[in-house]
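Visitor: The following block contains the structure, expressed as structure tokens.
The values are calculated or read from the model by the stated rules, or taken from the named source; none is laboratory data. As the structure is a prediction and not an experimental result, all values here were calculated from the model. Methodologically, a virtual Cβ is constructed for each residue, glycine included, from the backbone with ideal geometry; neighbour enumeration extends over all protein chains shown.
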Amino acid sequence: MSKSKRFNPSKSNPSFFPESLRKRLSDDLQLQGMADRTVKAYVRAVRQLAEFLKRSPEEVCDDHIREYFLHLKNDRRFANGSLRVSLAGIRFFYRNTCRREFPSLDLLRLQSINALPEVITIKQVHQIVDATTTLRMRTYFWTVYSLGLRLNEGLHLQVGDIDAARGLVHIHRGKGAKDRYITLPTSTLLMLREYWVTHRNKRWLFPADGRNHTLAKKGVSVARRR
């Protein structure tokens, strides 16, 4: 993972998401007892909505909500986990901070994460990340959560799958045997870099101690149950 490929997200336009509104949302989330990373994820979800629509979140209508989530699903092909975070953040904003009702936010039904094989819930991953004592497991579970991956997909991530310049991750042979690209959050990229320098494996992001193969799925499952 060469440092020459540094992910540089485009600068956001603050006029689309006024600072006063952003702060109010952040304060509301903190009052609800949300973790810092959840606060950042939810604020980012609303900011991205505003930037896509090129208007303040206070000026959004129900048709805009529909347009945005169809864009995430069909054009950007967000994984289910990423869609869930965006939906949760935007729902919180309009139900608690902006106090507006949008039928589309109730209409949206994402397939339950619990019903999907080898996928962990947001609550589970926060518990796991907070409880892990090794950088390897902490990085692995955060990567799986932030990218919306199945456990096995996370285990088989390769160094060459990371496109830091474009902020994308190439997922091979995903659900339905189709490759796909997923947006790579800056926080995940930085964590992956921090972990990678501890082993510098030329192929695998999460190699076993022998370095010629990936971590064992059994070991990850044991860590998940702790």
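Visitor: Out of the residues in segment 148-158 that are part of a loop (DSSP other than H, G, I, E, B) and in contact with a strand residue (DSSP E or B) (Cβ under 8 Å, 6 or more places away or on another chain), which is farthest from residue 203 (Cα to Cα)?
Guide: If we take residues in segment 148-158 being part of a loop (DSSP other than H, G, I, E, B) and in contact with a strand residue (DSSP E or B) (Cβ under 8 Å, 6 or more places away or on another chain), then 148 is farthest from residue 203 (Cα to Cα).
Each row is one residue, and each column tells you yes or no for (1) more than 26 Å from residue 73 (Cα to Cα); (2) part of a helix (DSSP H, G or I); (3) touching a Cys at 6+ places or on another chain (Cβ under 9 Å).
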{"position": "136", "(1), (2), (3)": "yes, yes, no"}
{"position": "142", "(1), (2), (3)": "no, yes, no"}
{"position": "146", "(1), (2), (3)": "no, yes, no"}
{"position": "160", "(1), (2), (3)": "no, yes, no"}
{"position": "188", "(1), (2), (3)": "no, yes, no"}
{"position": "195", "(1), (2), (3)": "yes, yes, no"}
{"position": "200", "(1), (2), (3)": "yes, no, no"}
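Visitor: Could you look through segment 58-88, keep only residues that are at pLDDT 85 or above and in a loop (DSSP other than H, G, I, E, B), and pick out the one that is nearest to residue 15 (Cα to Cα)?
Guide: Within segment 58-88, the match that is nearest to residue 15 (Cα to Cα) is 60.
Visitor: Where residues in segment 124-134 are in contact (Cβ under 8 Å) with a residue 24 or more places away in the chain and assigned to a helix (DSSP H, G or I), which of them is farthest from residue 200 (Cα to Cα)?
Guide: The residue in question is 124.
Visitor: Anything in segment 56-72 that is surrounded by 16 or more Cβ atoms within 10 Å (Cβ to Cβ) and charged (D, E, K, R)? List them, or say none.
Guide: Answer for segment 56-72, where residues must be surrounded by 16 or more Cβ atoms within 10 Å (Cβ to Cβ) and charged (D, E, K, R): just 66.
Visitor: Of the residues that make up segment 46-56, is at least one of a type in the set (Phe, Trp, Tyr), touching a residue at least 24 places away in the same chain (Cβ under 8 Å), under 17 Å from residue 85 (Cβ atoms) and out of contact with any strand residue (DSSP E or B) (no Cβ under 7 Å at 6 or more places or on another chain)?
Guide: So far as segment 46-56 goes, no, none of its residues is of a type in the set (Phe, Trp, Tyr), touching a residue at least 24 places away in the same chain (Cβ under 8 Å), under 17 Å from residue 85 (Cβ atoms) and out of contact with any strand residue (DSSP E or B) (no Cβ under 7 Å at 6 or more places or on another chain).
Visitor: Continuing with this model, one more query. If only one of 22, 44, 37, 6 is surrounded by 11 or more Cβ atoms within 10 Å (Cβ to Cβ), closer than 30 Å to residue 206 by Cβ, modelled with pLDDT of 90 or more and among the charged types (D, E, K, R), which one is it?
Guide: Exactly one of 22, 44, 37, 6 is surrounded by 11 or more Cβ atoms within 10 Å (Cβ to Cβ), closer than 30 Å to residue 206 by Cβ, modelled with pLDDT of 90 or more and among the charged types (D, E, K, R), namely 44.
Visitor: In addition: Among (1) closer than 20 Å to residue 83 by Cβ; (2) at pLDDT below 90; (3) in contact with a Leu (Cβ under 7 Å, 6 or more places away or on another chain), there is one condition residue 155 misses while meeting the rest; what is its number?
Guide: (1)
Visitor: Another one. Restricting to segment 55-105, name every residue that is polar (S, T, N, Q) and out of contact with any Asp or Glu (no Cβ under 6 Å at 6 or more places or on another chain).
Guide: Listed by number, the residues that qualify are 56, 74, 80, 82, 86.
Visitor: Could you please find all residues in segment 179-196 being under 12 Å from residue 164 (Cα atoms) and in contact with a Phe, Trp or Tyr (Cβ under 7 Å, 6 or more places away or on another chain)?
Guide: 184, 186, 188, 189 - these are the residues of segment 179-196 that are under 12 Å from residue 164 (Cα atoms) and in contact with a Phe, Trp or Tyr (Cβ under 7 Å, 6 or more places away or on another chain).
Visitor: Within segment 75-102, work out how many residues are farther than 19 Å from residue 169 by Cβ and not charged (D, E, K, R).
Guide: 11
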